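*Asks:* Got a structure for you, written out below as structure tokens; questions coming shortly.
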Amino acid sequence: MITRRNILKGLLGTSLTGLFTAVYAGFVEPALRMRVQYWALQPQAWPRGRKLRLVMVADLHAGWPNMSLVRVQAAVELANAQDGDLILLMGDYRASHRYQLELVPIEMAAPVLAGLTAPLGVHAILGNHDWWDALRTNRAAVAPIATEVALRGVGIPVLANRAVKLDGFWLAGLDSQTALQTTRGHRRDWVGKADLAGTLAQVTDDDPVILLAHEPDIFVQVPDLPAASRVALTLSGHTHGGQVRFGPWAPVVPSQYGARFVYGPVHERGRDLVVSGGLGCSGLPVRFGMPPEITVVDLS
């Protein structure tokens, strides 16, 4: 029998559930949790038996309270603790949503990130938010932007459409694919800074390539290039794993391919991609069902 008391109890239960979910998504998961996610792959173009551990620090989006400088330091320590051969900073270093209580600009975060260390070094790429942040004062979009300058200033090389040879393999980093926005009528288009063909053209031998691309969408273009057979693995961030997930479903994914490249390992047309869930927040300072993570990829 439906009574006034039962209705009030139901409303109270629903309100408490909503309050708990809001507190968890807005504070507990984004500001208190941080995990390590491990993936093990044997890419087709990677030499069998050649072990390499890659540690990805993606989408920091530093800003208080979700990703304070204390949290940035915790991420650095957690990344260093993974004994990676190489640490990779995957772009988007500052929060840009309007709900920050304290800004943490790249000039403050970079000295903390300088504490990262790995035998084969620490390398960075740029993300769309790094460009969007720069465009506030750099309207002509002239490179190098402030993020690149700050990272290089603390000794972290930035691979903006550059390829470098390391220990028997190439590390190729692309600039952002959605660096600039244009508006045509009611339609918003993206103008990218990424030069995939030009970056891979810098590879001068047959050693395998690990490709860094902030946005994963460019993965579909890799097989169409002459150097595709040498690209053993593509690594990306940008999606935050959906940031808000209900089981396998993420209602919002910043990709033209929807959930196709939302999170984790993807194998298509003989090529491999790993998308990190990242650390910070974009749009809204909430995470649910996708805790902040350091991503570790073991190749063999």
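*Asks:* Looking at the chain, do any whole DSSP H helices span at least 15 angstrom along their long axis by alpha carbon and average -0.5 or above on Kyte-Doolittle, and which?
*Replies:* Qualifying helices, which must be both long enough and hydrophobic enough, are 4-23, 69-80.
*Asks:* Please give, to one decimal in nm, the separation of the simple spin-label points placed at Gln44 and Thr204, each 7 Å out from Cα toward the Cβ.
*Replies:* Computed distance between label sites Gln44 and Thr204 equals 2.9 nm.
*Asks:* Mean separation of Cα pairs under 8 Å and 6+ residues apart, divided by the residue count of the chain: what relative contact order is that in percent?
*Replies:* Answer for the chain is 25 percent.
*Asks:* What ranking, highest mean first, results for peptides 258-270, 59-71 when packing means the other Cβ atoms within 10 Å averaged over each residue?
*Replies:* Peptide ranking by packing, descending: 59-71, 258-270.
*Asks:* log10 I(q)/I(0), Debye, Cα-only region 33-299, no solvent, q = 0.08, 0.09, 0.13, 0.15 Å⁻¹?
*Replies:* -0.28, -0.36, -0.78, -1.08
*Asks:* Would you mind ranking Ile87, Ile218 so that the residue whose beta carbon has the fewest other beta carbons within 10 Å leads the list?
*Replies:* Least crowded to most crowded, the residues run Ile218, Ile87.
*Asks:* Another question, if that's okay. Name the residue, out of Arg152, Arg139, Arg53, whose mean-square fluctuation peaks in a Gaussian network model built on the chain with Cα pairs under 10 Å.
*Replies:* Arg139
*Asks:* Given the rule -39500 (n - 2.57) for each run of at least 4 DSSP H residues, summed and divided by the residues of the chain, what is its mean residue ellipticity at 222 nm, to the nearest 500 deg cm²/dmol?
*Replies:* Helix-only estimate at 222 nm: -6000 deg cm²/dmol.
*Asks:* Compute the whole-percent fraction of alpha carbon pairs in region 66-126 spaced more than 19 Å apart.
*Replies:* Counting pairs separated by more than 19 Å, the tail of P(r) holds 30 percent.
*Asks:* How far apart, in nanometres, would the label points at Glu268 and Val164 be if each is projected 7 angstrom from Cα along the Cα-to-Cβ direction?
*Replies:* Here the modelled spin labels are 3.0 nm apart.
*Asks:* Report relative contact order for region 157-236 in percent, whole number only (criteria: Cα-Cα under 8 Å, sequence separation at least 6).
*Replies:* 29
*Asks:* Then there is this: Taking the Cα-to-Cβ direction at Val149 and at Ser255 and moving 7 Å from each Cα, how far apart do the two end points lie in nm?
*Replies:* Those two pseudo-labels are separated by 3.4 nm.
*Asks:* Just rank Asp83, Asp205, Asp298, fewest to most, by other beta-carbon atoms within 10 angstrom.
*Replies:* Asp205, Asp83, Asp298
Each reported figure results from applying straightforward, stated rules to the coordinates on display, with no laboratory input. Every value quoted in this text rests on a predicted model; they were computed, and no experiment measured them. Methodologically, a virtual Cβ is constructed for each residue, glycine included, from the backbone with ideal geometry; neighbour enumeration extends over all protein chains shown.
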